[in-house]
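Only one structure is covered here, and it is reproduced in the block below.
The values are calculated or read from the model by the stated rules, or taken from the named source; none is laboratory data. Just so you know, these numbers come straight off a predicted model, no measurement behind them. Cβ placement follows ideal geometry from the backbone for every residue including glycine, while neighbour counts extend to all protein chains displayed.
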Amino acid sequence: MPHVTYLGFPRIGRRRELKRALESHWRGESSATELLDTARDLRHRHWALAREAGADSVPVNDFSLYDHVLDTAVLLDAIPDRYRALDAADPLAAYFAMARGVQTASVDLPALEMTKWFDTNYHYLVPELSTGQRFAARTDKLIGEFREATAAGHLGRPVVLGPISFLRLAKTTDGSDALALLDAILPAYVDVLTALAAEGAAWVQIDEPCLALDLDDTARDAYRHAYATLAAANGPRILLATYFAALDDNLPLAVSLPVAGLHVDLVRAPEQLEAVAQALPTDRVLSAGVVDGRNIWLSDPGKVMGQLRALSARIADDRLWVATSCSLLHVPIDLTGENDLRSSLRDWLSFARQKIAELRRYADALAGDPDAMNALARQSERVATRAKSSDVVRVDVRARLRQLTPQAAQRRSGYSSRVVSQRERFGLPELPTTTIGSFPQTQELRKARSAYRAGKLDTATYEAVLRDDITRAVRFQESIGIDVLVHGEPERNDMVEYFGEQLDGYAFTANGWVQSYGSRCVKPPVIYGDVARPEPMTVRWSAYAQSLTQRPMKGMLTGPVTMLQWSFVRDDLPREEVCRQIALALRDEVHDLEAAGIGIIQIDEPALREGLPLRRAEWANYLGWAVHAFRIAAGGVSDATQIHTHMCYSEFNDIIESVAAMDADVISIETSRSRMELLDAFTRFRYPNGIGPGVYDIHSPRIPSEDEMADLLTKALAVLRPDQLWVNPDCGLKTRGWPEVESALKAMVSAAERLRARVRAAA
Ligand SMILES: CN1c2c(nc(N)[nH]c2=O)NC[C@@H]1CNc1ccc(C(=O)N[C@@H](CCC(=O)N[C@@H](CCC(=O)N[C@@H](CCC(=O)O)C(=O)O)C(=O)O)C(=O)O)cc1
Ligand SMILES: N[C@@H](CCS)C(=O)O
Ligand SMILES: [Zn+2]
């Protein structure tokens, strides 16, 4: 019978127990022991849950207190020098310092850079390496968790991020090529494998997602060299795991590597099934990723059994593993308890626990088990009701999209004319200051919303709390001299979920949390039908905020690509079509904001870069429809209305032309953790419109100084024209507290004033 397993499990806990334990520890309200106890309980609970659902073996070391890439850096002792002293004294404190930065009277350590994990909304910490880097195996966490699983009676399969992917995901601080460190890193990996073998691990899962990316000959040689070395280590059998894309032209390389098993993603890349089955040497295990680790739809038994039967015709059952396409990190834990979902919709869904049960059914059915076959027949009926359901199609939405003219995606004039009208209208100073939208989501706000949702607080009282918060934000911004104000987004639980809740075609869960980074989670809404906007979503809040001030108040919307990318998207319609439907809904909102007198409107697109396909050959198509969707949302306004967009965690160097093609009047982007590295792109490409490279890393509790921000602005002015430079933080301030925000923004305004004076003096 095929073996049933999964590549990794969500860590945060069904009730976000890890989040609460982490945040309490960081606040100094609970000890390291209490935190580690919660972490251990979660691991045990998750292994037990997976076994009960039908997994034969469980991944181990997929758990992380913050991030698995950071864990890998620690496993290899690749700790940057600035954290070494703290690491020697208190490794857990050093771990969190790398993750979040630390600022006390005696220590001031910025965090590691954080960026997107491939095309997901999960963020990893970027290891910092340099020429001459030393590595050593530090296996305490890995071995500790393996022993825990074994002692609890589970067949544990340790998981580590592989050497080539680790090096490719890292950055070097001296501009050297990280892959040049391969010979230095491999002995540490060999030591890890040797230690695991000594513990009795039969298998190790080595994740090499980069094996499914575009590789040049040097990278391919690096793979050959690395796996020849690891295979000679006499460690556990290696399952080489690829996911998120097809192996494609790297298939010959993948099957030539001397490993015991290969995992492939047959959800993202079902077309590779035949080629993989044919090319795989007969002594290898194939782990078939047939159940989606990235989305929440119940799988279609007709499709999956077809795939498994095709594989089983070529591969003996004892060499076939039935698995999730990737780690389940990207989906919520359990559908049980989602009682508010319409029952038909609930019938179409499957979260981590249900997905493992699906795998069990597939493996049993393949072995001829009649109960499993009956269960699959029932599953097929559920899937079929979705295809037949009448409420997934809206004739009016489809017709409107068909009638859309090319002019809809065009502003009336080019930027050079618009900027004149906008200067006249707003009269802003050079280097105008603004923020990205959200102000702190305080406990008080969250509690009020929670009470309101539970029916314990009436609408009038809840809205009074929101108005008070907006007033506080407006008064504060005026008092420190911010030029373009925001209302602070207190009414939003999340920048995507909030809009999803107001749009037709979207559903949302009660407890469908997914980790975004560290202790921060999101509840991605579910797009199950055609999207339409029944009524304005933000206008009354923006209009209220504008009524409090003479300064311009920015309207704040989440863009179509981000609404798509950060939702669980229906799989029965091309993504680009869903994106255009959202764009139309937003276009109407933009129109209504403009009509309500909001002269500056920001349409956030932080997920534009993240949505880029992993293979370059597919970029042009994606960028074409993504940029077009943004332009549909923004295209209907007059020249004097200023459209902003915002992006965070983005490496734009490759796509700067497409960012320019969005034709936003102003873009604010994240750059502070990377010390304005992004600006390299501008030495090659002269970005024409307004731009605000972030000067304040809002993901760290650390408060940047005025000097630090002035220094970043000076760097920016070396490549940008003074008339195009804006001054703003990297991203919204919702995760920060008011005292930090007050200090940091005051310093930011002072830094802007300092540079403004310098620019005037030079003119
Ligand atoms: C900007 N980013 C975002 C991304 N993705 C999104 N979907 N949204 C984003 O803003 N991706 C990239 C970046 C960085 N990522 C994040 C992700 C998440 C957060 C964040 O702050 N998340 C909050 C949860 C937000 C939320 O939904 N809040 C709800 C529920 C609040 C809650 O927990 N309530 C309590 C009760 C209240 C109490 O007593 O305190 C409960 O339910 O138990 C709400 O506000 O109503 C998080 O805390 O993780 C930031 C950046
Ligand atoms: N307007 C949002 C953007 C986050 S990417 C915020 O400020 O939180
Ligand atoms: Zn952002």
Q) If you check Ala55, Ala50, Ala39, which single one turns out to be in contact with a Lys or Arg (Cβ under 9 Å, 6 or more places away or on another chain) and not in a helix (DSSP H, G or I)? A) Ala55
Q: Identify, by number, the condition in (1) under 27 Å from the mean Cα position of the chain (by Cα); (2) within 23 Å of Arg616 (Cα to Cα) that Leu253 doesn't meet.
A: (1)
Q: Take Ser672 and decide whether it is over 29 Å from Pro613 (Cβ atoms) and either more than 16 Å from ligand 1 (Cβ to nearest atom) or touching a helix residue (DSSP H, G or I) at 6+ places or on another chain (Cβ under 9 Å) (or both).
A: no
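Give the residue, chosen from Ser700, Ser674, Ser750, that is in contact (Cβ under 8 Å) with a residue 24 or more places away in the chain and assigned to a helix (DSSP H, G or I).
Numbers: Ser700 fails: assigned to a helix (DSSP H, G or I); Ser674 fails: assigned to a helix (DSSP H, G or I).
Residue meeting the stated conditions: Ser750.
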Q. Are there any pairs, at least 6 apart or on different chains, whose C-beta atoms fall under 6 Å, with the first in the range 394-409 and touching a residue at least 60 places away in the same chain (Cβ under 8 Å) and under 12 Å from Ala585 (Cβ atoms) and the second of a type in the set (D, E, K, R) and surrounded by 10 or more Cβ atoms within 10 Å (Cβ to Cβ), and if so, which?
A. Arg394/Asp530; Val397/Asp530; Leu401/Arg580
Q: Find the residue count for the range 65-84, including only residues that are within 21 Å of His25 (Cα to Cα) and assigned to a helix (DSSP H, G or I).
A: 5
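Report yes if Asp81 is under 25 Å from Leu167 (Cα atoms), more than 27 Å from the chain's Cα centre (by Cα) and either at pLDDT 95 or above or not assigned by TED's automatic domain parsing to the domain that holds Glu128 (or both), otherwise no.
Values: under 25 Å from Leu167 (Cα atoms): yes; more than 27 Å from the chain's Cα centre (by Cα): yes; either at pLDDT 95 or above or not assigned by TED's automatic domain parsing to the domain that holds Glu128 (or both): yes.
Taking the combined requirement at face value, the residue satisfies it.
Do we have Arg446 as more than 9 Å from ligand 1 (Cβ to nearest atom), in a helix (DSSP H, G or I), among the charged types (D, E, K, R) and at negative phi here? Reasoning before the result, please.
On the way: more than 9 Å from ligand 1 (Cβ to nearest atom): no; in a helix (DSSP H, G or I): yes; among the charged types (D, E, K, R): yes; at negative phi: yes.
No, not satisfied.
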Q) Which residue, of Arg15, Arg11, Arg20, is under 25 Å from the mean Cα position of the chain (by Cα) and either loosely packed, with under 15 Cβ neighbours inside 10 Å or small (Gly, Ala, Ser) (or both)? A) Arg15
(Q) Between Gln422, Gln410, Gln441, which is surrounded by 13 or more Cβ atoms within 10 Å (Cβ to Cβ) and either closer than 30 Å to Leu755 by Cα or of a type in the set (A, V, I, L, M) (or both)? (A) Gln422
Q | Failed condition for Leu112, given (1) touching a strand residue (DSSP E or B) at 6+ places or on another chain (Cβ under 7 Å); (2) closer than 26 Å to Ala149 by Cα | A | (2)
Q: Consider only pairs whose beta carbons are under 8 Å apart and that are at least six residues apart or on different chains; among these, list those whose first residue lies in the range 556-571 and is within 11 Å of ligand 3 (Cβ to nearest atom) and whose second residue is assigned to a strand (DSSP E or B) and not small (Gly, Ala, Ser).
A: Thr558/Ile603; Thr558/Asp604; Thr562/Asp604
Q) Does Ser479 qualify as being assigned by TED's automatic domain parsing to the domain that holds Tyr696, in a helix (DSSP H, G or I), within 24 Å of Leu745 (Cβ to Cβ) and of a type in the set (Ser, Thr, Tyr)? A) yes
Q. Could you give every pair whose Cβ atoms fall below 9 Å, whose first residue belongs to the range 364-382 and is hydroxyl-bearing (Ser, Thr, Tyr), and whose second residue is buried (at least 17 other Cβ atoms within 10 Å of the Cβ), counting only separations of at least 6 or pairs across chains?
A. Ser380/Asp300; Ser380/Pro301
Q: For the range 496-555, name all the residues that are within 15 Å of ligand 2 (Cβ to nearest atom) and assigned to a loop (DSSP other than H, G, I, E, B).
A: Val496, Pro524, Met537, Thr538
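Condition check: outside the structural domain of His123 (by TED's automatic domain parsing), away from ligand 3 (no atom under 15 Å from the Cβ) and of a type outside the set (Val, Ile, Thr). Does Asp697 satisfy that?
Numbers: outside the structural domain of His123 (by TED's automatic domain parsing): yes; away from ligand 3 (no atom under 15 Å from the Cβ): no; of a type outside the set (Val, Ile, Thr): yes.
Against the criterion (outside the structural domain of His123 (by TED's automatic domain parsing), away from ligand 3 (no atom under 15 Å from the Cβ) and of a type outside the set (Val, Ile, Thr)), Asp697 does not qualify.
Looking only at the range 104-133, which residues are touching a residue at least 24 places away in the same chain (Cβ under 8 Å), away from ligand 2 (no atom under 16 Å from the Cβ) and assigned to a loop (DSSP other than H, G, I, E, B)?
Applying the first criterion (touching a residue at least 24 places away in the same chain (Cβ under 8 Å)) to the range 104-133 yields 108-131, 133.
Subsequent filtering for residues that are away from ligand 2 (no atom under 16 Å from the Cβ) retains 108-113, 117-119, 124-131, 133.
Passing the criteria: Pro110, Ala111, Leu112, Glu113, Trp117, Phe118, Asp119, Val126, Pro127, Ser130, Thr131, Gln133.
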Q) In the range 518-542, how many are within 16 Å of ligand 1 (Cβ to nearest atom), among the hydroxyl-bearing types (Ser, Thr, Tyr) and buried (at least 23 other Cβ atoms within 10 Å of the Cβ)? A) 1
Q. Take the residues of the range 592-646 that are in a helix (DSSP H, G or I) and touching a Pro at 6+ places or on another chain (Cβ under 7 Å): which is nearest to Ile667 (Cα to Cα)?
A. Phe630
Q) Any idea how many residues of the range 642-673 are surrounded by fewer than 18 Cβ atoms within 10 Å (Cβ to Cβ) and either within 16 Å of ligand 2 (Cβ to nearest atom) or more than 28 Å from Ser413 (Cα to Cα) (or both)? A) 1
Q.
Going through Ile691, Ile667 one at a time, which residue ends up being among the β-branched types (Val, Ile, Thr), touching a strand residue (DSSP E or B) at 6+ places or on another chain (Cβ under 8 Å) and within 16 Å of ligand 1 (Cβ to nearest atom)?
A. Ile667
Q) Among the numbered criteria (1) in a helix (DSSP H, G or I); (2) within 28 Å of the chain's Cα centre (by Cα), which single criterion is violated by Arg147? A) (2)
(Q) Condition (residue is surrounded by 21 or more Cβ atoms within 10 Å (Cβ to Cβ), farther than 22 Å from Pro429 by Cβ and within 16 Å of ligand 1 (Cβ to nearest atom)) applied to the range 700-707: is it met by at least one residue? (A) yes
